[in-house]
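The values are calculated or read from the model by the stated rules, or taken from the named source; none is laboratory data. Keep in mind the model is a prediction, meaning the values are calculated, not measured. Note that we place each Cβ from the backbone using ideal geometry, even for glycine, and neighbour counts take in every protein chain shown. The area values use the complete protein model at the heavy-atom level, side chains included, leaving out ligands, DNA and RNA. Shrake-Rupley method; radii C 1.70, N 1.55, O 1.52, S 1.80 Å.
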Amino acid sequence: MAVFGRFKAGKSSFLNHLLVRPVLPVGVVPVTSVVTDICYAPQEFAEVIFPQQDKVEKIPLSEIHAYISESENPENRRGVKAVCVFLPEMAPCRQLRLVDTPGLESILAHNAEASLAWSPNTDLALVAIGVDPPLTQQDVSLIERLRRLTPNVSVLLTNMDLLGAAEQQEVLDFVTSQLRTKFPEGLRVFPYSVKPGYEEFRQTFKAEHLAKSLAQFEKEDSAAISRKLYTLLSSAAGYLNWRATPPK
Amino acid sequence: MIGLENQNKKAISVAAEVIREYHLTDLQPLLHAIGVNYVDNT
Ligand SMILES: Nc1nc2c(ncn2[C@@H]2O[C@H](COP(=O)(O)OP(=O)(O)OP(=O)(O)O)[C@@H](O)[C@H]2O)c(=O)[nH]1
Ligand SMILES: [Mg+2]
């Protein structure tokens, strides 16, 4: 399950909250600069993957900041392809990989490039959208893009704690109805907040999204592959069609 | 690959050929994403 979205939407904070552990660096300025994979292992450690023949360096978990944060690895100067974090906490969902991606739309274009370059690998996509502003054209384009890669795209409406109860409902209704007009097949929207007092959002997300996806893992997986295959074949066919000049 | 039929495998190789022949680099990551599973599960 990969989390995508605008910078500062709260992607890394959400994954930390889900893991009940501050694994990923978060902050008020663009932070995540490298795609980070989180999966199960009985002991915690991390691996830094470099593009050269997939060179891998094993590091302690406490050192990942030096590779995945914009402040310590600006513009990804260390040339990291990805970082994999292995955690015992992932035991209940060991088939799953959680993936944090660098934010889109910030002044740091390389972050968006890294996210989008990785995106074809996604099977279960989650688009993080903050409540303010709720849903932009760019969010919709991102959803369209991801839906060419997998049918399983959902929305995480973050920072719900910034609103009062009535406003929360208003924003949720607005986002849900806007998305319904753009995507009539439906798209699930999960409200979220990492602040104390909003643990029910995490429970609902786990029960309604994670548990359900895990229960039909193979079905979801093959649906994602079929979707990618369709996109690949229709793009290749489209290109051939465009090239084929009709005879005079 | 799970559930991938023979005609799909054929179609993937044709798509791979088109991508290579015409240098459609934009499509390469997608091919790779499918190709990895394709190798893993057959
Ligand atoms: N009030 C509130 N603030 C939040 C919430 N989630 C995240 N934040 C804050 O929002 C800011 C951005 O959080 P990050 O998790 O770094 O956001 P990101 O989407 O990972 O950002 P990039 O990695 O730069 O793309 C931080 O200051 C967080 O403390 C939330 O649910 N409520
Ligand atoms: Mg982040």
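For A:ALA114, only one of the following conditions fails: (1) within 21 Å of A:GLY10 (Cα to Cα); (2) among the small types (Gly, Ala, Ser); (3) out of contact with any Pro (no Cβ under 7 Å at 6 or more places or on another chain). What is its number? Against the list (1) within 21 Å of A:GLY10 (Cα to Cα); (2) among the small types (Gly, Ala, Ser); (3) out of contact with any Pro (no Cβ under 7 Å at 6 or more places or on another chain), A:ALA114 comes up short only on (3).
Residues are listed down the side, and each one gets a yes or a no for (1) surrounded by 21 or more Cβ atoms within 10 Å (Cβ to Cβ); (2) of a type in the set (A, V, I, L, M); (3) out of contact with any helix residue (DSSP H, G or I) (no Cβ under 9 Å at 6 or more places or on another chain):
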site	(1), (2), (3)
A:LYS11	yes, no, yes
A:THR32	yes, no, no
A:TYR67	yes, no, no
A:SER71	no, no, no
A:GLU75	no, no, no
A:GLN95	no, no, no
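For the stretch A:100-117, indicate whether the set of residues that are within 16 Å of ligand 1 (Cβ to nearest atom), open to solvent by less than 10 Å² (accessible area, probe 1.4 Å), within 14 Å of chain B (Cβ to nearest Cβ) and at pLDDT below 95 is non-empty. Yes, that holds for at least one residue. Only helices (runs of 4 or more DSSP H) whose full extent lies in the stretch A:174-248 are considered here, and the ones with at least 3 residues that are within 18 Å of A:ALA125 (Cα to Cα), within 14 Å of chain B (Cβ to nearest Cβ) and acidic (Asp, Glu) are A:217-243.
Among residues belonging to the stretch A:124-156 that are within 15 Å of ligand 2 (Cβ to nearest atom) and more than 25 Å from A:VAL80 (Cα to Cα), point out the one that is surrounded by the most Cβ atoms within 10 Å (Cβ to Cβ). This residue is A:ILE129.
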